[in-house]
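Accompanying notes for the structure given below.
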Amino acid sequence: MKEWHLLLKTRSMAEASIIQGLLEENNIPVQILNKRDSSYLNFGDIEVYVPITLKDVASGLLDKGLLN
């Protein structure tokens, strides 16, 4: 994922999906990488990636969205 920027790590798939929706509503492509263990859900994270060229815009939207 050389051309993608890790925007966020979370343990909640619901949170990752909400962030994905927020970004996609603003025409920012999103890739979600689920690194959670399928047997033991206490291990691993869900990573949200955006194109490196849009990382500043995505970070701004994320900050604004979390403040509301």
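The values are calculated or read from the model by the stated rules, or taken from the named source; none is laboratory data. It should be emphasised that the depicted structure is a prediction, and the values quoted were computed from it without experimental measurement. Positions of Cβ are generated from backbone atoms using ideal geometry, with glycine treated the same way; all protein chains shown enter the neighbour counts.
So here's what we get for this one:
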{"item": "Test: Glu15 is touching a strand residue (DSSP E or B) at 6+ places or on another chain (Cβ under 9 Å), under 15 Å from Asp63 (Cα atoms) and surrounded by fewer than 14 Cβ atoms within 10 Å (Cβ to Cβ)", "result": "yes"}
{"item": "Strands (runs of 3 or more DSSP E) contained in the chain and holding at least 2 residues β-branched (Val, Ile, Thr) and modelled with pLDDT of 95 or more", "result": "46-51"}
{"item": "Contacts under 7 angstrom Cβ, first residue in the range 33-45 being at positive phi and among the polar types (S, T, N, Q), partner assigned to a loop (DSSP other than H, G, I, E, B) and at pLDDT below 90, 6 or more apart", "result": "none"}
{"item": "Residues satisfying the stated conditions in the range 46-59, i.e. of a type in the set (A, V, I, L, M) and either touching a residue at least 60 places away in the same chain (Cβ under 8 Å) or under 14 Å from Ser12 (Cβ atoms) (or both)", "result": "Ile46, Val48"}
{"item": "Residue check, Glu25 loosely packed, with under 13 Cβ neighbours inside 10 Å and either in contact with a Lys or Arg (Cβ under 6 Å, 6 or more places away or on another chain) or in contact (Cβ under 8 Å) with a residue 40 or more places away in the chain (or both)", "result": "no"}
